[in-house]
Amino acid sequence: MLTTKIESVASHHPAQIVRPYEIIEDAGLINLDVPKTHIEDLTGIKTMHYASAEMRPSDIAKLAIEKCLQDFSGNEAEIDAVFFCGMTRDMQEPSTAHILNHHCGLSARFCIDIADACHGFMAGLITADALIRSGAFRNILVCTGEVASKGTHHIANRFKKGELGINDVKHNLGAFTVGDAGGAMILGPADDGTGFQTFNTNSKS
């Protein structure tokens with residue numbers, strides 16, 4: 001039985017490290033009686049990586065893809081599809097997957113953005129697995145590039161300007177827990193019993 005295995009995997013983290021309390025201070029949340037260690041106490045998050053302001057999701061994804069391709073034993077021409085599964089995208093049209101296919105020098109015949117918020121990469125893996133098992137595609141690049149810090153800065157500025165207040169803290173605190181990173185994984189077929197055996201998911205929408 002044909003299954004799907006991981007051919008190579010890589011990630012990229014920007015060099016700049018930011019601590020949650022720095023964002024809380026910058027947003028002026030301390031003036032709203034939000035403790036400096038609030039995010040760390042709630043989530044255990046101590047540091048986040050932030051990309052430079054000019055970086056786009058495709059830029060940070062490309063850095064991870066380049067590392068992933070170095071460890072790929074096959075030929076780049078054998079990558080049949082590119083799935084970009086980030087929460088953030090370069091633009092509405094064209095898809096970020098097409099942008100990466102071009103900028104990484106690939107010739108995939110199918111490129112698509114798969115959006116499912118925090119579950120996007122997992123959705124990409126499940127979709128790729130089904131297509132590889134069916135025999136429709138051989139090797140699929142699943143990737144992401146998150147530049148969520150842009151949203152964090154936007155929310156922080158709204159608190160700083162007084163557009164958001166104490167009653168808005170609870171609903172916007174998630175914006176202070178995310179960072180920037182790129183990830184890439186090349187999946188391929190296996191016929192020796194290895195690879196993914198099953199996916200067990202549950203949705204409580």
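The values are calculated or read from the model by the stated rules, or taken from the named source; none is laboratory data. Since the model is a prediction, treat every value here as computed from it, not as a measurement. Counting neighbours? That spans all protein chains shown, and the Cβs are built from the backbone with ideal geometry, glycine included. For the accessible areas, the whole protein counts, side chains as well, though only heavy atoms, and no ligand, DNA or RNA atoms are used. Shrake-Rupley method; radii C 1.70, N 1.55, O 1.52, S 1.80 Å.
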Reduced Cα scattering model of segment 31-110, Debye log10 I(q)/I(0), q = 0.24, 0.26 Å⁻¹: -1.15, -1.27
Rounded Å value of the spacing that divides the Cα centres of segment 56-98 and segment 123-182: 16 Å
Estimated dipole of segment 54-161 in Debye, rounded to 20 [Cβ of Lys and Arg +1, of Asp and Glu -1, Cα centre]: 480 debye
Hydrodynamic radius by Kirkwood, which averages 1/r over all alpha carbon pairs of segment 136-201, in angstrom: 15.6 Å
Estimated 222 nm signal from helices in the chain, with DSSP H stretches of n ≥ 4 weighted -39500 (n - 2.57), rounded to 500: -9500 deg cm²/dmol
Chain lengthening between Glu163 and Thr194 when straightened (0.36 nm per residue, less Cα-Cα): 5.8 nm
Hz values of 3J(HN,Hα) by residue in segment 88-94 - Karplus curve (6.51, -1.76, 1.60), Gly and Pro given as x: 10, 10, 5, 6, 5, 8, x
Quarter of Cα convex hull surface for segment 5-64, i.e. mean projection, nm²: 6.0 nm²
Of Gly105, Gly151, Asn139, farthest towards positive along the dipole that unit charges on Lys, Arg, Asp, Glu beta carbons give the chain: Gly151
Long-range Cα-Cα pairs in segment 43-182 (distance over 18 Å), rounded percent: 60 percent
Anchor Lys160: lysines whose Cα lies under 20 Å away (excluding residues fewer than 8 positions away in-chain): Lys36, Lys150, Lys170
Order of exposure, largest accessible area first, which applies to Met185, Met91 with probe 1.4 Å: Met91, Met185
Counted charge near Lys46, where neighbours are those whose Cβ lies closer than 10 Å (Asp, Glu -1; Lys, Arg +1): 0
